[in-house]
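The values are calculated or read from the model by the stated rules, or taken from the named source; none is laboratory data. These numbers were taken from a predicted model, which means no experiment stands behind them. A quick note on method: Cβ atoms are made from the backbone with ideal geometry, for glycine too, and the neighbour counts reach across all protein chains shown.
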Amino acid sequence: MLPVPKPGEHELLLRMDTAGIGVWDPWVREGGFDDGSTRFPYVMGNDGAGVVVAVGPKVRRLHVGDRAYGYQMEGGFYAEYAKLKEDSAALIPKGLDVSRRRGRSEQTASRRCGGWKISCGCAADSHS
């Protein structure tokens with residue numbers, strides 16, 4: 001088990017609910033983006049959504065308890081918690097269910113009941 005990251009001055013910590021799965025992820029797993037600087041353990045995942053559970057002292061736009069979405073090339077979203085810069089995060093509009101992005105081509109992995117459920121975005125949730 002990895003330790004929970006601690007946010008820096010301009011960073012926040014999300015407790016992940018949803019992580020995006022990109023078409024490039026197999027290439028990342030094979031080392032396609034590695035420039036020799038990757039260190040292990042490395043946590044994949046470039047985007048996701050969840051609840052803000054901690055903020056650095058200079059974070060102004062987001063607060064503990066906010067539902068937020070974030071993106072970063074450094075990865076980190078295929079974990080229970082992801083640390084990211086405030087500039088790489090945004091509030092999720094009230095009423096938007098990010099685990100149910102129907103009609104979108106990308107897939108989402110949603111944490112439910114302690115396990116991961118893959119949702120392809122089709123109109124019927126036939127893959128449950």
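Could you check the range 1-31 and list, in sequence order, the residues that are of a type outside the set (Gly, Ala, Ser), part of a strand (DSSP E or B) and either free of Cβ contacts under 8 Å to residues at least 24 places away in the same chain or farther than 25 Å from Lys58 by Cα (or both)?
First, pick out the residues of the range 1-31 that are of a type outside the set (Gly, Ala, Ser): 1-7, 9-18, 21, 23-30.
Narrowing further to those that are part of a strand (DSSP E or B): 11-18, 21.
Once the filter is applied, which keeps residues that are of a type outside the set (Gly, Ala, Ser), part of a strand (DSSP E or B) and either free of Cβ contacts under 8 Å to residues at least 24 places away in the same chain or farther than 25 Å from Lys58 by Cα (or both), the range 1-31 yields Thr18, Ile21.
Within the range 53-65, residues that are free of Cβ contacts under 8 Å to residues at least 24 places away in the same chain have Cβ atoms under 8 Å from residues that are assigned to a strand (DSSP E or B) and surrounded by 12 or more Cβ atoms within 10 Å (Cβ to Cβ) in these pairs: His63/Val52; His63/Val55; Val64/Val52; Val64/Val53; Val64/Ala54; Val64/Val55; Gly65/Val51; Gly65/Val52, counting only partners at least 6 apart in sequence or on another chain. Scanning the range 76-92 for residues that are more than 18 Å from Arg60 (Cβ to Cβ) and either surrounded by fewer than 17 Cβ atoms within 10 Å (Cβ to Cβ) or at pLDDT 95 or above (or both) returns Glu80, Tyr81, Ala82. A single entry from Val28, Val52 fulfils the requirement of being surrounded by 16 or more Cβ atoms within 10 Å (Cβ to Cβ), closer than 24 Å to Met1 by Cβ and at pLDDT below 90: Val28.
For the range 85-92, check the following and say yes or no: at least one residue is touching a strand residue (DSSP E or B) at 6+ places or on another chain (Cβ under 8 Å), in contact (Cβ under 8 Å) with a residue 60 or more places away in the chain and outside any strand (DSSP E or B).
First, pick out the residues of the range 85-92 that are touching a strand residue (DSSP E or B) at 6+ places or on another chain (Cβ under 8 Å): 85-86, 88-92.
Checking the rest, the ones that are also in contact (Cβ under 8 Å) with a residue 60 or more places away in the chain come to 85-86, 89.
Narrowing the set further to residues that are outside any strand (DSSP E or B) leaves 86.
Yes, because at least one residue in the range 85-92 is touching a strand residue (DSSP E or B) at 6+ places or on another chain (Cβ under 8 Å), in contact (Cβ under 8 Å) with a residue 60 or more places away in the chain and outside any strand (DSSP E or B).
Does Met73 meet the test of being in contact with a Phe, Trp or Tyr (Cβ under 9 Å, 6 or more places away or on another chain) and buried (at least 17 other Cβ atoms within 10 Å of the Cβ)? When the stated conditions are applied, Met73 does not pass them. Looking at this structure, is Asp34 over 14 Å from Tyr71 (Cα atoms), without any contact (Cβ under 8 Å) to a residue 60 or more places away in the chain and touching a helix residue (DSSP H, G or I) at 6+ places or on another chain (Cβ under 9 Å)? The answer is yes for Asp34. Can you say whether Gly48 is of a type outside the set (A, V, I, L, M) and not in a strand (DSSP E or B), as far as the supplied structure shows? For Gly48, the condition - of a type outside the set (A, V, I, L, M) and not in a strand (DSSP E or B) - is not met.
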